[in-house]
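The values are calculated or read from the model by the stated rules, or taken from the named source; none is laboratory data. Because the structure is predicted, anything quoted here is derived from the model rather than measured. Note that each Cβ is placed from the backbone with ideal geometry, even for glycine, and that neighbours are counted across all protein chains shown.
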């Protein structure tokens, strides 16, 4: 089974580079499942229902998010529109599963590919240097007791590399992949852990690399130099798609390889 995971899509530049590359990646690598983190897809901050629908039309199967999930408030109504319907596209957009009980949306999705291969996707958020999330380690234990699929992909949206690496070791052999998102900088530590879990500390950003993690350089420099607040806007230059290709055994859920991707215009 071939899985494509696309790192944080940032703004219009990120959406464009994904549109440019995703179709040929899916075709050339015979991809069975496409997952993308889309929490920054709307101007760099949040996700709108319209953009989510565009990404599904492009061929994404599941969209994950993170700490910016609530930046566009209309996403709350989009989550509610699913109303428990597992066939609703809104149900395929996840927010971190370890958020407080009662908030809109859900952090887990389980389904089958077009060829009948079962899979599950879990979205978690870290707690180190971040807020408003419960313990992701205990939460994932609870979720794994509910899942029947062997192929399980975990998006851990977290700041600290130590927390992400710890989660990789914690879940080694229990899930197909643990993939870090949030920092927008791809790490060079992709590997298959000893018990069959593919791992990378951060998949990186699909967006403008002529920037400071997606934002216009001058605006970020002004903030660092003066400490004054200011509006951040998405940059546009040098867009690149960052992602990973994972090959796994659909019957056991064990990963056999993980390949880093960085594709420009």
_Search result, residues across segment 107-130 that are assigned to a loop (DSSP other than H, G, I, E, B), over 20 Å from residue 57 (Cβ atoms) and in contact (Cβ under 8 Å) with a residue 24 or more places away in the chain_ = 107, 115, 117, 126, 127, 128, 129, 130
*Applying the selection to segment 17-35, what residues are closer than 12 Å to residue 55 by Cβ and touching a residue at least 60 places away in the same chain (Cβ under 8 Å)?*
18, 22, 35
*Test: residue in segment 76-84 that is closer than 18 Å to residue 9 by Cβ, modelled with pLDDT of 95 or more and surrounded by 15 or more Cβ atoms within 10 Å (Cβ to Cβ)*: yes
_Any chance residue 131 is surrounded by 20 or more Cβ atoms within 10 Å (Cβ to Cβ) and over 24 Å from residue 256 (Cα atoms)_ = no
*Given 178, 203, which one is closer than 23 Å to residue 110 by Cβ, out of contact with any helix residue (DSSP H, G or I) (no Cβ under 6 Å at 6 or more places or on another chain), crowded, with 19+ Cβ neighbours inside 10 Å and modelled with pLDDT of 95 or more?*
203
*Looking only at segment 23-39, which residues are touching a strand residue (DSSP E or B) at 6+ places or on another chain (Cβ under 7 Å) and part of a helix (DSSP H, G or I)?*
25, 26
*Within segment 168-197, work out how many residues are farther than 16 Å from residue 96 by Cβ, without any contact (Cβ under 8 Å) to a residue 40 or more places away in the chain and part of a strand (DSSP E or B).*
1
*Output the residues belonging to segment 141-159 that are surrounded by 15 or more Cβ atoms within 10 Å (Cβ to Cβ), without any contact (Cβ under 8 Å) to a residue 60 or more places away in the chain and over 16 Å from the mean Cα position of the chain (by Cα).*
143, 144, 147
*Could you tell me whether any residue of segment 84-103 is touching a strand residue (DSSP E or B) at 6+ places or on another chain (Cβ under 6 Å), free of Cβ contacts under 8 Å to residues at least 40 places away in the same chain, under 15 Å from residue 176 (Cβ atoms) and outside any loop (DSSP other than H, G, I, E, B)?*
no
